[in-house]
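Please read the structure below before turning to the comments.
The values are calculated or read from the model by the stated rules, or taken from the named source; none is laboratory data. The structure presented is a predicted model; accordingly, all values stated were derived computationally and were not measured. FYI the Cβ positions are ideal-geometry reconstructions off the backbone, even for glycines, and counts take in every protein chain you see.
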Amino acid sequence: MSPKKKSEYAVPKLKDFSTAALDEAVKDLLAAVVREAREVTSESDWKIFRDRWMARANGFLTQVNTLWLKAAPKDAKRDVGQRVNEAKKRVDETIAAALERMQTAASASRLDAERIDVTLPGIRRPLGSEHPVIKTMNEIVAVFRDLGYSVEEGPEIETDYYNFEALNFPPNHPARDTQDTLFIANQESKPLRDRLLLRTHTSPVQIRTMEKMKPPVRVVCPGKVHRNDAPDATHSPIFHQVEGLAVDTNITFCDLKGTLDHAMKALFGSSVKTRFYPSFFPFTEPSADVQISCIFCGGRGYRDGGPCRNCKASGWIELLGCGMVDPNVYGFVDYDPKKVSGFAFGMGVERIAILKYGVDDIQLFFNGDVRFLEQFA
Ligand code: 2NL
């Protein structure tokens, strides 16, 4: 039943109150209520339907009362009253039944809509996996954990003090230029040491660690670092580093060599050799670059009848920097350089991942192409 459509039924006045006339009127009334009940399909339909029939003010049953019962002559009242009561009961029942039928149908159709086929295959949710750079970083960290190193992390936004000054880069020292630092804007009103920048290495974490902990210290600091480099096959303005630091009494360059030789064998296979080549860093003295025997040509320098392109026929690949911590650094963290000594090293994670997996473009790590990344899953 459309709620707008007017009912075709109207309660008639009775011409007479004979049994035949009453029968006829009651028959029409019950036929109408049954007809309308059949058309109820929603709760709001049903409410309109109920009110049309039951409303105290002018519902059909009220009209029946007035037009049939009240209008009946005295001597017919008893009989009319009985018929009217019976008819009202039937109307009541019909209206109640309509509600129940409507609710049952609604719940059946809801169940029908929510029906699921449990025999269908499930929705496949592709599993994520570790990014190759993070995977490599974790492998490097694991090698040092096995040697008893702890792991520390620190902020990517650093102060000039932790990124440079405490690492023995004095203000205006030319070594700062080699770091291609990205500075946070509008810091000029602060003293130089408090100005913010994006860390160019994870060394600040080691300074923070030495501020917190007295020697002996053995710590590795993995993390993201930033430099103002134009992206190309070997450069990215965002990359990752693992730096390490060991400070104790009587730590020597021998310890440094042994530790890094072990680490390179753990990462690249027990047949790689290492060699230490003089270098310079502001925070270590002496400093060295560590080279490993070329993993592509086995250190021979030649491969497939020609010069090895990976090591430029030298048989060696430069991989990381290291050195004995410069005594000036201890001055910033309240360590006594007469009592302790130590070594430090730093390596680029992408560079190691590139060599380990034979990747030819660092950008592949950052472009988010799943076809590349899923090879490492
Ligand atoms: C490189 C070279 C290096 C360090 C990092 C370091 C940290 C402290 C004190 C002294 Cl707190 N040194 N770190 C030392 C030597 C080299 O990194 O080429 N990294 C990619």
*Counting only residues that are among the hydrophobic types (A, V, I, L, M, F, W, C) and surrounded by fewer than 16 Cβ atoms within 10 Å (Cβ to Cβ), which one in the stretch 203-233 is nearest to the ligand (Cβ to nearest atom)?*
Met213
*Here are Thr178, Thr252, Thr200: which of them is surrounded by fewer than 21 Cβ atoms within 10 Å (Cβ to Cβ) and within 13 Å of the ligand (Cβ to nearest atom)?*
Thr178
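Listed here are the residues, each with its yes/no results for (1) at pLDDT 95 or above; (2) assigned to a helix (DSSP H, G or I).
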position	(1), (2)
Lys135	yes, yes
Asn138	yes, yes
Phe144	yes, yes
Glu153	yes, no
Ala175	no, yes
Thr178	no, yes
Arg208	yes, yes
Val219	yes, no
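Filter the stretch 188-233 down to residues that are of a type in the set (Asp, Glu) and within 30 Å of the chain's Cα centre (by Cα) and give me whichever is nearest to Glu153 (Cα to Cα). Before the answer, list the steps.
To start, the set of residues in the stretch 188-233 that are of a type in the set (Asp, Glu) comprises 188, 194, 211, 229, 232.
Adding the requirement that they be within 30 Å of the chain's Cα centre (by Cα) leaves 229, 232.
Values: Asp229: 24, Asp232: 28 Å.
Ranking the qualifying residues of the stretch 188-233, first place goes to Asp229.
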*Out of Gly342, Gly346, Gly321, report the one residue that is modelled with pLDDT of 95 or more, over 23 Å from Ile238 (Cα atoms), buried (at least 19 other Cβ atoms within 10 Å of the Cβ) and within 16 Å of the ligand (Cβ to nearest atom).*
Gly342
_Give all pairs with beta carbons closer than 6 Å in which a residue from the stretch 268-297 that is hydroxyl-bearing (Ser, Thr, Tyr) meets a residue that is in a helix (DSSP H, G or I); count only pairs at least 6 apart in sequence or on separate chains._
Thr274/Asp261; Thr274/Met264
_Only listed residue being of a type outside the set (S, T, N, Q) and touching a Pro at 6+ places or on another chain (Cβ under 7 Å), chosen from Ala377, Ala353_ = Ala353
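Here's a check for you: in the stretch 261-298, which residue that is among the aliphatic types (A, V, I, L, M) and within 10 Å of the ligand (Cβ to nearest atom) is farthest from Asn172 (Cα to Cα)? Step through it out loud before you land on a result.
Here is the first cut: in the stretch 261-298, the ones among the aliphatic types (A, V, I, L, M) are 263-264, 266-267, 272, 288, 290, 292, 295.
Next, from what is left, pick out any that are within 10 Å of the ligand (Cβ to nearest atom): 288, 290.
Values: Ala288: 24, Val290: 28 Å.
Filtering first and then ranking leaves Val290.
Among the candidates Arg309, Arg275, Arg300, Arg351, single out the residue that is surrounded by fewer than 20 Cβ atoms within 10 Å (Cβ to Cβ) and either hydrophobic (A, V, I, L, M, F, W, C) or assigned to a helix (DSSP H, G or I) (or both).
Working: Arg309 fails: either hydrophobic (A, V, I, L, M, F, W, C) or assigned to a helix (DSSP H, G or I) (or both); Arg275 fails: either hydrophobic (A, V, I, L, M, F, W, C) or assigned to a helix (DSSP H, G or I) (or both); Arg300 fails: either hydrophobic (A, V, I, L, M, F, W, C) or assigned to a helix (DSSP H, G or I) (or both).
The match here is Arg351.
For the stretch 255-266, name all the residues that are surrounded by 20 or more Cβ atoms within 10 Å (Cβ to Cβ) and of a type in the set (A, V, I, L, M).
First pass over the stretch 255-266, keeping only residues surrounded by 20 or more Cβ atoms within 10 Å (Cβ to Cβ): 256, 259-260, 263-264.
Across the stretch 255-266, the qualifying residues are Leu256, Leu260, Ala263, Met264.
Taking Ala185 as the residue in question, decide whether it is in contact (Cβ under 8 Å) with a residue 24 or more places away in the chain and aliphatic (A, V, I, L, M).
Values: in contact (Cβ under 8 Å) with a residue 24 or more places away in the chain: no; aliphatic (A, V, I, L, M): yes.
No: the conditions fail for Ala185.
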*Just one of Arg56, Arg52 is free of Cβ contacts under 8 Å to residues at least 60 places away in the same chain, surrounded by 15 or more Cβ atoms within 10 Å (Cβ to Cβ) and touching a Ser or Thr at 6+ places or on another chain (Cβ under 8 Å); which is it?*
Arg52
*Kindly indicate whether Phe239 is within 13 Å of the ligand (Cβ to nearest atom) and over 33 Å from the mean Cα position of the chain (by Cα).*
no
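Within the group Leu245, Leu192, which residue is farther than 30 Å from Ile354 by Cβ, of a type in the set (A, V, I, L, M, F, W, C) and either in contact with a Ser or Thr (Cβ under 8 Å, 6 or more places away or on another chain) or at pLDDT below 95 (or both)? Full working, then the answer.
Working: Leu245 fails: farther than 30 Å from Ile354 by Cβ.
Step by step, each of Leu245, Leu192 is checked, and only Leu192 is farther than 30 Å from Ile354 by Cβ, of a type in the set (A, V, I, L, M, F, W, C) and either in contact with a Ser or Thr (Cβ under 8 Å, 6 or more places away or on another chain) or at pLDDT below 95 (or both).
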*asked:* Looking only at the stretch 59-113, count every residue that is among the small types (Gly, Ala, Ser) and touching a residue at least 12 places away in the same chain (Cβ under 8 Å) and tell me the total.
replied: 9
*Which of the residues spanning the stretch 188-206 are assigned to a helix (DSSP H, G or I) and touching a residue at least 40 places away in the same chain (Cβ under 8 Å)?*
Ser203, Pro204, Val205, Gln206
